[in-house]
Amino acid sequence: MRSFFAYIVAMVFLVLADAVAARLAIVTGIKPDVFLAATVFTVLYRGHAPAVLTGFLLGLCADLLQPTVFGANALRLATVGYVLGWLHGRFNEDMPHVQAGMLVAASCLGILIMGLEALAVSSVSFGYSWRVAVMPPADALAGVPVIVLLAQILRRPDGTS
Amino acid sequence: MTVREFLRVHQATVRYLGCASVSVGLLSVSSAETVQAFRSIAAYFLGLTQQPVHRVVAYPSDIAGRLMAAVYATDENERLRDLAKRMHVYKIRAEQLEQDHARMRAVLGTRPTGMGRLLNARVQRREPHQWFNTLIIARGKRDGIVPDAPVLTDRCMESVQIIGRIWSVEEETARVLLITDPLSGIPVGIAGKTAQGVLLGNGTPEPTIEYLLPESDVAPGDRVVTVTLPPGIMTGNLDVGSVVSVELSPRTGFKSARVTLAGNISVLDHVLVLVP
């Protein structure tokens, strides 16, 4: 039951964090991907298979919240979870530079997948602009605190995340 | 290796293939109305939670915006002070104009003595293909407008000139039949003379007075005014225009006179209606 409430709190936290990111996007022009950070958190702390499912569900959530083509983010985050999931357990996930590196890799992979989706599906838009270059560091910068907070929210009774 | 073992070993791959298939399926039906409706419902409920967050996040930027505005406050204050001074002058001038206008209205009001009150009406609609025929004013039964009431213009401030009469009345609007319309017929006379006739429209800015007796003394330049005929509602002594030319029709035996209108019938943004 405690775990269930923790997931609810984590979900609410992500929705609110996405709202904050959307507001920041108005000022800065760049929107850090909160759901990508949550997927990376699952990759680092939960494992390969959960990362795929979590990425898919978070992608659906992102598709609901953002004016994108429905299913585009689901495919992107599921793929990110699947590809980066192979790296689970190979690094110390508590190290910030590991988290940042994973976020940069996830962001780059996400951009690649979105580009491929745009090529395959005409309704998926992909902006070839300076934002694409700035997105990975922005995701890393905003994603590390999100991962840290998620690790605190979803801390297990034995103290591990 | 059994299927169960295969699925357990390749759990992530199987899950990914399933998720990817569903995603591709969603991409192919993303424009479906059901999907869009579902998204709208979700956005509605999620929007409720996002609004407070937006406010909280926006607060610091609002503060920054106000601080930036404070820097320019002095300049803006100067500009507003200057504007306020000018507005004060405009206000005094507007009050003077209002007084002048009221005085003019009083003068105009006394011109058609004892014949009711003048009601200002905005021209609501005037069809291009009926420019010299009819127009619609934004006054109706509710304002006391009655059929056949004279419609005047006061573009020339020295006097009012008749330009038509009320043809039909609705609750909030009324249609005016202009004196230039071929259906229009108004009893008119020559100011200072006994000659009388009927001013008939012909679709041009110069209607004609018909049925003038051959012996009537009508000459170009004579002022044409309306005459009161019982039981009509048309009020007498309203300025119509002046005679341009007079000719005798050998066929009918009557004289007819072409009249140039005193009121500018081409440009009408508002009119006056003489209501009982």
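The values are calculated or read from the model by the stated rules, or taken from the named source; none is laboratory data. Fair warning: this is a prediction, and the values are worked out from it, not measured in the lab. Quick reminder, even Gly has a Cβ in these numbers, built from the backbone with ideal geometry, and neighbours come from all protein chains shown. Please note that ligands, DNA and RNA were not included when accessible areas were found on the heavy atoms of the full protein model with its side chains. Shrake-Rupley method; radii C 1.70, N 1.55, O 1.52, S 1.80 Å.
Before moving on, here are some points about what is shown:
- Protein-protein interface of region B:10-41, residues with accessible area decrease of at least 50 Å², isolated chain reference, 1.4 Å probe: B:A12, B:R15, B:Y16, B:C19, B:S23, B:L26, B:L27, B:R39
- Heavy-atom accessible area per residue - region B:3-65, 1.4 Å, Å²: 69 Å²
- Chain A: DSSP helices with Cα axial extent of at least 30 Å and average Kyte-Doolittle hydropathy no lower than 0.5: A:2-28, A:96-120, A:130-153
- When the alpha-carbon atoms of region B:207-276 are used, the pair Rg, Dmax equals 14.1, 41 angstrom.
- Note on A:R90 and B:D148: their simple-model spin labels are 10.2 nm apart, each label 7 Å out from Cα toward Cβ.
- Zero-based 10 Å bins, Cα pair distances in chain B, whole percents: 6, 18, 18, 10, 8, 10, 10, 8, 6, 3, 2, 1, 0
- Solvent-free Debye calculation, one equal scatterer per alpha-carbon of the protein assembly as shown: log10 I(q)/I(0) at 0.06, 0.11 Å⁻¹ equals -0.58, -0.84.
- Per residue, the solvent-accessible area of region B:117-275 (1.4 Å probe, heavy atoms of protein chains only, all protein chains present) comes to 47 Å².
- Build a GNM of chain A with springs between Cα atoms under 10 Å apart, and of A:I111, A:I26, A:I147 the one that fluctuates most is A:I26.
- Interface area, chains B and A: about 2500 Å² of buried accessible surface, summed, with a 1.4 Å probe and ligands, DNA and RNA left out.
- Of B:D222, B:D62, B:D143, the one that fluctuates the most in a GNM where chain B has Cα springs shorter than 10 Å: B:D62
- For chain B, complete DSSP H runs whose alpha carbons reach 30 Å or more along their own long axis and whose mean Kyte-Doolittle score is 0.0 or higher are B:33-71.
- Peptide A:8-21 has a mean shielding of 2, counted as Cβ atoms of other protein chains within 10 Å of each residue's Cβ.
- Accessible surface of the protein assembly as shown, 1.4 Å probe, proportion on carbon and sulfur as whole %: 62 percent
- With Cα atoms defining each centre, region B:82-96 and region A:94-148 are spaced 60 Å apart in the structure.
- Using a Gaussian network model of chain B in which every pair of alpha carbons under 10 angstrom is joined by a spring, one finds that among B:Y16, B:Y90, B:Y72 the greatest mean-square fluctuation is at B:Y16.
- Taking amide H atoms as placed 1.01 Å from N in the peptide plane, the amide H of B:V273 lies under 5 Å from those of B:L119, B:N120, B:A121, B:L152, each 5 or more residues away in sequence or on another chain.
- Legend: mean number of C-beta atoms from other chains within 10 angstrom of residue C-beta atoms, peptide A:40-51, equals 2.
- Couplings for region B:245-255, taken from phi via the Karplus curve 6.51 cos²θ - 1.76 cosθ + 1.60 with θ = phi - 60°, read 8, 10, 9, 9, 8, x, 6, 8, x, 9, 8 Hz in order; Gly and Pro are left as x.
- The percentage of C-alpha pairs in chain A whose separation is greater than 29 Å is 12%.
- Based on Cα contacts under 8 Å between residues 6+ apart, chain B shows a relative contact order of 16 percent.
- Remark on B:E172: its backbone amide H falls under 5 Å from those of B:K141, a criterion applied only to residues 5 or more positions apart or on other chains, H modelled at 1.01 Å from N.
- Burial order of peptide ranges B:79-87, A:115-123 (average beta-carbon count within 10 Å, highest first): A:115-123, B:79-87
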